[in-house]
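The values are calculated or read from the model by the stated rules, or taken from the named source; none is laboratory data. If you're wondering where the values come from, they're calculated on a predicted model, not measured in any experiment. Heads up, the Cβs are rebuilt from the backbone with ideal geometry, glycines too, and the neighbour counts pull from every protein chain shown. Note: areas computed on protein heavy atoms with side chains; ligands, DNA, RNA excluded. Shrake-Rupley method; radii C 1.70, N 1.55, O 1.52, S 1.80 Å.
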Amino acid sequence: MGSIAENLESVQARIAAACARAGRAPGAVRLLAVSKTYGPEAVREAAAAGQRLFGENRVQEAAAKIPECPGNLEWHLIGHLQSNKAALAARLFEWVHSVDSAKLLETLDRHAAEAGRTLRALVQVNVSGERAKSGLAPAAVPEVLALADRLRNVQIVGLMTIPPLAEDPEAARAHFRKLRELRDAWAAATGLDLAELSMGMTHDLEVAIEEGATFVRVGTGIFGARAKPAPETEEA
Ligand SMILES: *Cc1c(COP(=O)(O)O)cnc(C)c1O
């Protein structure tokens, strides 16, 4: 691994190459730098190299870190959110990629309104049906999308998924493709503009981009291996 700036450059080059191969515009995919377990100094270093979008998976960790970081960054929550932390999350984050219940969505909307903020939300879908993963089963998603009309301060803009862990990035392709197909079907059925697909991480971002990702969430590829594997979705 090089410096954070060098790593960012090589991840951006991977994104650009994948976009070119897939015939997508280079700006069609945004890089979310996943700074979980890393301190504000790592975020500052990435920000100094031009990175603006950052992802965190725990509200408490983000609450300690964000005030120590430059003020012009955009923060995205990518981990499971408990309703009792929704008020804090609504103040810290501009985006929540991990909405996994109707109740959470309504709670976030209420807190965003109280904070005078607007949030963008993605519904996390458990495409594979794996028991251990969080996210909604596809069959449960339409009920959540149906709330969109009633929300005032939260806009549902797309879907997120985490495929099962696999060595071979190609193993994720079917999951990414399925998320896109579900999105197409739900967008047509609801009239919602579900433009955003948050999928792909360090080891499988090329496959995700080929299947339509608009956000890739990259931690290790930018900041290096995490000392201790952080829970991928669970809020401590
Ligand atoms: C940690 C995490 C990532 C980043 O994973 P890397 O393999 O380090 O790129 C992406 N998405 C979620 C939800 C995460 O928790």
key: Range of Cα positions in the stretch 1-106 per principal axis (Å), largest first   = 42, 32, 23
ask   = What FRET efficiency comes out for the pair ALA146/THR118, r = Cβ-Cβ distance, R0 = 25 Å, nearest 0.05?
value = 0.80
note = Within the under-12-Å Cβ sphere about PRO138, not counting PRO138, Lys/Arg +1 and Asp/Glu -1 give a net charge of 0
DSSP-assigned coil residues among GluC sites (Glu not before Pro) in the stretch 108-179, each with at most 12 further Cβ atoms within 10 Å = GLU167
query = So what is the diffusion coefficient of the stretch 4-223 in µm² per second by Stokes-Einstein at 25 °C and 0.890 mPa s, using a Kirkwood Rh over Cα pairs?
reply = 140 µm²/s
key: the stretch 103-152 shape via C-alpha gyration tensor axes, a/c threshold 1.5   = prolate
query = Taking the Cα centre of each part, how many Å lie between the stretch 111-160 and the stretch 15-46?
reply = 23 Å
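Hydropathy at least -0.5 by Kyte-Doolittle, axial extent at least 18 angstrom from the Cα trace: which helices of the chain, defined as entire DSSP H runs, fit?
In the chain, the long hydrophobic H runs are 4-22, 102-115.
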request  = Find the accessible area per residue for the chain; the probe is 1.4 Å, ligands and nucleic acids are left out, and the unit is Å².
outcome  = 43 Å²
query = Could you state the per residue volume, in Å³, of the convex hull enclosing the Cα atoms of the stretch 66-117?
reply = 76 Å³
message = A 20 angstrom limit on the alpha carbon distance is what I want to check against. Which of LYS65/LYS103; LYS36/LYS85; LYS103/LYS178 exceed it?
response = LYS65/LYS103; LYS103/LYS178
key: Unit charges at the beta carbon, dipole of the chain: most positive-side option, VAL99, LEU119, SER134   = LEU119
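How long are the semi-axes of the equivalent ellipsoid of the stretch 76-162, defined as square roots of 5 times the Cα gyration tensor eigenvalues? Whole Å, largest first.
Each semi-axis is the square root of five times an eigenvalue, giving 21, 14, 10 Å.
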